[in-house]
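The next block holds one structure in the form of structure tokens; read it before the comments.
The values are calculated or read from the model by the stated rules, or taken from the named source; none is laboratory data. What you see is a predicted model, and the numbers here were worked out from it, not measured in a lab. Here the Cβ positions follow ideal geometry from the backbone for every residue, glycine too, while neighbour counts run over all protein chains shown. Quick note on the areas: whole protein, heavy atoms, side chains included, nothing else; ligands and nucleic acids left out. Shrake-Rupley method; radii C 1.70, N 1.55, O 1.52, S 1.80 Å.
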Amino acid sequence: MGLRERKKLATRRALREAAVRLVLEHGLENVTVEEVAAQVGVSTRTFFNYFGTKEEALLGDVPGAFDEDDIRGFVRGGPTGDFTEDLITLLIAFLVDTEDLAAQREEMRLRKRLMDREPQLVPGVLARFHDVERVVAGAIAERLGESPEADRPQLAAVAAMAVMRHTMRHLHYSEEEDVERVRDRVRSAFRVLGEVYGPGTG
């Protein structure tokens with residue numbers, strides 16, 4: 001990532017953090033885009049280069065958001081036909097970066113605080129998870145050599161995101177855990193997909 005990209009990422013993160021902090025302190029209706037931009041020392045126009053609304057800035061990215069390289073890495077190797085152990089391992093790596101667990105925990109804490117204070121944000125969060133599920137379903141379908149509209153990739157994506165939400169909720173309430181324990185916990189949960197969607201379950 002070049003210097004310009006790093007600066008853009010830093011500005012986006014700073015705007016989101018400022019929006020979250022102000023809304024948690026003053027409430028959604030009492031915070032303006034101008035105030036968020038001023039907190040970061042940028043113009044309102046710059047804010048709108050990154051986010052369309054203050055709600056969009058608050059929602060941020062959901063766990064499981066990924067780019068084209070992530071998708072290519074998951075589907076590389078061609079259709080497998082079934083949910084093998086190797087495929088489950090790739091799916092874990094595709095959806096969660098356990099090396100960045102601290103940041104993911106903090107994101108979940110902030111998201112929960114925002115949802116508790118501003119329940120009108122819940123539909124937006126659910127919509128983002130739905131968008132991620134669609135991407136995951138497409139990637140799983142390509143890896144399995146099936147249509148993205150087929151039942152198996154669709155249901156597997158829904159189940160995968162449910163596992164992610166369940167696991168991250170558990171981590172939110174648990175003590176700090178080392179990366180290997182967390183990876184084992186996630187792998188164990190995802191192995192259920194192999195049992196449900198394995199050979200003979202077309």
>> Calculate the FRET efficiency for residue 69 and residue 109 from the Cβ-Cβ distance with a Förster distance of 30 Å, rounded to the nearest 0.05.
In response: 0.60
> How much accessible surface does residue 188 have with a 1.4 Å probe, in Å² rounded to 10?
Replying inline: 70
>> Quick check: pseudo-label points 7 Å beyond the Cα along Cα→Cβ at residue 127 and residue 3, how many nm apart are they?
In response: 3.8
